[in-house]
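Visitor: Pasting a structure here, questions to come.
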Amino acid sequence: MAQSTETAYQKCINPACAAEFDCRQTIFKCPQCGDLLDIQYNWDKIEVPGKLSDFGRRWATRDNRLDFSGVWRFRELLNFCPDEYRVSIGEGQTILQQNDRIAEYLEIDKGCLYLQYEGLNPSGSFKDNGMTAAFSHAMMVGAKSCACASTGNTSASVALYAHSCGLKCTVFIGSGRIAFGKLSQAMDYGAQTIQIKGDFDDCMKQVQDVCVKLNLYLLNSLNPFRLEGQKTIMYRIIEQFGWQVPDWIVVPGGNLGNSSSFGKAFMELKQLGLINKIPRLAIVNATGADTLTELVNAKNLKWNNGNIDQTIIDKYYKVLTESNFSPHTCASAIEISRPVNLKKCLRAIDVCEGVVLAVTDEEICDAKALIGKYGLGCEPASAATIAGLKHLRDHGVIDADEKIACILTGHVLKDPNVTVNYHKNNEGLFSNPPVECDNNLDEIIKLISDD
Ligand code: F0G
């Protein structure tokens with residue numbers, strides 16, 4: 001197989017710059033213009049299977065650690081480093097659950113609604129798909145220490161991969177902004193945890209400066225290698241649809257890494273002739289952190305072949321700064337107002353004929369409980385998908401007979417506080433509070449029988 005430096009390179013997404021860099025460089029942003037970097041491939045130097053179903057053969061050789069990984073099983077489609085550097089802790093063993101009960105509630109035809117449960121990853125969220133790729137790059141460039149800013153899941157995943165790769169690890173979190181399940185993981189996996197008096201956007205800014213000053217390897221989704229790993233979520237969905245693409249992908253939007261990587265995945269598969277149809281993408285914000293929705297729907301911000309109108313973004317961020325805006329939502333994972341992958345996400349919207357919308361915390365909590373009742377359970381941010389889907393069905397954007405895959409990004413146990421508070425206060429559509437009872441057999445039997 002061709003060596004990684006021949007097969008892949010980094011490229012600035014700004015068409016006016018389009019500078020290219022070797023994959024062995026650790027830069028994260030274009031050193032020439034400061035824009036985002038993409039990983040590009042010399043496909044003619046890679047032996048890409050002739051059809052997607054050829055990847056299915058690797059199920060038979062699962063004793064090979066790379067064939068077992070739900071990310072590296074598709075390694076020809078993210079071929080930026082040689083096998084020897086590829087890290088795996090068994091990520092990507094996730095499932096696509098067909099869910100007719102939730103479909104019925106949303107007036108979607110039987111057999112059309114699917115939940116892609118990324119909570120089954122080793123650290124309990126989709127982040128592991130990206131970390132396995134980024135840590136492989138970190139090993140290739142000989143990184144010794146790493147860092148990230150996080151609303152929780154990135155820090156949990158980084159901490160887990162860092163200790164299995166032997167890297168020192170520092171995570172930045174906003175004080176009081178992180179769900180306990182996630183904080184407990186970062187501490188337990190041995191990360192140095194720095195709580196900044198501020199929100200995620202403040203942490204994101206600090207970590208970039210710290211990484212440059214101290215030469216730490218940055219693991220936020222600004223890192224283009226991370227997004228390469230996250231493409232495989234789409235490959236596994238296609239695999240579970242019998243190597244077909246669905247009509248819609250619905251995903252929560254925070255820092256916009258997932259949506260960006262999904263768009264890139266489909267763009268590349270189409271270019272390679274491995275799919276003939278690109279699904280549509282719906283990206284769902286929380287109303288308390290709805291920068292993407294505002295910029296796209298209200299201010300008409302567009303990809304425009306990469307010639308993005310920066311003044312629209314600058315103006316909007318200026319207003320946020322001047323009003324001291326800090327995002328707020330119970331879906332703390334997506335409590336972000338300056339998403340770093342905004343521009344790549346605009347490209348994904350363009351490629352996938354995407355739609356963007358925002359849902360309230362109340363809608364998120366009800367949707368979360370619905371998923372818990374009939375599905376596999378998930379954390380609040382993940383439930384934005386079903387809450388958003390309800391809007392899209394109500395407004396006729398998605399038809400009842402279209403095949404839809406919602407990405408459940410994180411495990412239900414990540415944020416037990418939101419779950420318990422929702423059920424205990426008994427005001428939600430699906431609240432299921434515990435019933436108090438004396439320590440008395442007759443009373444217990446009466447309670448159960450009356451139910
Ligand atoms: N869902 C969950 C559970 C998340 O943890 C995140 C992001 C998202 C959705 C949003 O994904 O950034 O790709 O749009 N969490 C990051 C973190 C920001 O620090 O853990 P995105």
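The values are calculated or read from the model by the stated rules, or taken from the named source; none is laboratory data. The shown structure was predicted, so the numbers you read here are calculated from the model rather than taken from an experiment. Counting neighbours? That spans all protein chains shown, and the Cβs are built from the backbone with ideal geometry, glycine included. Heads up: the accessible areas ignore ligands, DNA and RNA and are worked out on the full protein's heavy atoms, side chains in. Shrake-Rupley method; radii C 1.70, N 1.55, O 1.52, S 1.80 Å.
Visitor: Carbon and sulfur: what percent of the stretch 1-46's accessible surface (1.4 Å probe)?
Guide: Solvent-exposed carbon and sulfur of the stretch 1-46 make up 39 percent of the total.
Visitor: Kindly report, to the nearest 10 Å², the accessible surface of D442 as traced by a 1.4 Å probe over protein heavy atoms only.
Guide: Roughly 120 Å² of D442 is accessible to a 1.4 Å probe.
Visitor: What is the pair-distance distribution P(r) of the stretch 320-410, computed from all Cα-Cα distances in 5 Å bins starting at 0, with each bin given as a whole percent?
Guide: 3, 12, 18, 22, 21, 14, 7, 2, 1, 0
Visitor: While we're looking at this one, here's another question. Compare H391, H163 by solvent-accessible area with a 1.4 Å probe and give them largest first, with all protein chains kept in place.
Guide: So, going from the largest accessible area down, we get H163, H391.
Visitor: Another question about this same structure. Within 10 Å, count the other beta carbons around each residue, average over each peptide in 268-275, 19-26, 381-388, and list them highest first. All intermediate terms of the calculation are to be shown ahead of the outcome.
Guide: Values: 268-275: 16.5, 19-26: 15.0, 381-388: 30.9.
Final packing ranking: 381-388, 268-275, 19-26.
Visitor: Using modelled backbone amide H atoms (1.01 Å from N, in-plane), which distant-in-sequence or interchain residues come within less than 5 Å of K403's amide H?
Guide: Amide H neighbours of K403, under 5 Å, 5+ apart: D247, W248.
Visitor: Starting from the Cα of T321, step 7 Å along the direction of its Cβ; do the same at N42; then give the gap between the two resulting points in nm.
Guide: Once both label points are built, they end up 4.2 nm from each other.
Visitor: Another question about this same structure. Assigning unit charges at the beta carbon (Lys, Arg +1; Asp, Glu -1) and nothing else, what dipole magnitude in debye, to the nearest 20, does the chain show about its Cα centre?
Guide: Charge dipole, the chain, about its Cα centre: 1520 debye, nearest 20.
Visitor: Which far-off residues, 5 or more places away or on another chain, put their amide H under 5 Å from the one on A358, with H placed in the peptide plane?
Guide: The list, which skips near neighbours in sequence, is N285.
Visitor: Treat each spin label as a single point 7 Å out from the Cα along the C-beta direction, and report the W243 to S184 distance in nm.
Guide: The answer from the label model is 4.3 nm.
Visitor: For the stretch 94-111, just list the computed ³J(HN,Hα) in residue order, Karplus coefficients 6.51, -1.76 and 1.60, θ = phi - 60°, integers in Hz, with x standing in for Gly and Pro.
Guide: Working through the residues one at a time gives 10, 10, 9, 9, 6, 10, 7, 5, 6, 4, 4, 4, 8, 6, 10, 4, 3, x Hz.
Visitor: Across the stretch 50-59, in residue order, what do the Karplus-derived ³J(HN,Hα) couplings come to in whole Hz, using 6.51 cos²θ - 1.76 cosθ + 1.60 with θ = phi - 60° and x for Gly and Pro?
Guide: x, 9, 4, 4, 4, 5, x, 4, 6, 4
Visitor: Tell me, what % of the accessible area of the stretch 105-181 is carbon and sulfur with a 1.4 angstrom probe?
Guide: Summing carbon and sulfur atoms, their accessible area is 54 percent of the total for the stretch 105-181.
Visitor: Right, here's the next one. Give me a comma-separated list of calculated 3J(HN,Hα) values for the stretch 201-212, in order, Karplus coefficients 6.51, -1.76, 1.60 applied at θ = phi - 60°, integers in Hz, x for any Gly or Pro.
Guide: Karplus values, whole Hz, x for Gly and Pro: 4, 5, 4, 4, 5, 4, 5, 5, 5, 4, 4, 5.
Visitor: Here is a follow-up. Return the long-range amide H neighbours of T193 (sequence gap of 5 or more, or a different chain), with a cut-off of under 5 Å between placed amide H atoms.
Guide: Those qualifying (amide H under 5 Å, at least 5 residues apart or on another chain) are V171.
Visitor: How big is D for the chain, in µm² s⁻¹ as a whole number, if Stokes-Einstein is applied with the Kirkwood radius of its Cα pairs at 10 °C and 1.306 mPa s? Write down the numbers at each step before the final one.
Guide: Details: Rh = 22.3 Å.
Once the numbers are plugged in, D ends up at 71 µm²/s.
Visitor: Taking a quarter of the surface of the convex hull around the Cα atoms of the stretch 1-46, what do you get in nm²?
Guide: 3.1
Visitor: Still on this structure: How much length is gained on full extension from Q192 to H163, taking 0.36 nm per residue of separation minus their Cα-Cα distance?
Guide: 9.3 nm
Visitor: Taking the Cβ of K11 as the centre, find all other residues whose Cβ is under 10 Å away and add up their charges (Lys, Arg: +1; Asp, Glu: -1).
Guide: Residues near K11 contribute -2 overall.
Visitor: For L106, what charge total do you get from the other residues with a beta carbon under 11 Å from its beta carbon, if Lys and Arg give +1 and Asp and Glu give -1?
Guide: -2
Visitor: Per residue, how much accessible surface does the stretch 12-166 expose to a 1.4 Å probe? Answer in Å², no decimals.
Guide: Value returned for the stretch 12-166: 37 Å² of accessible area per residue.
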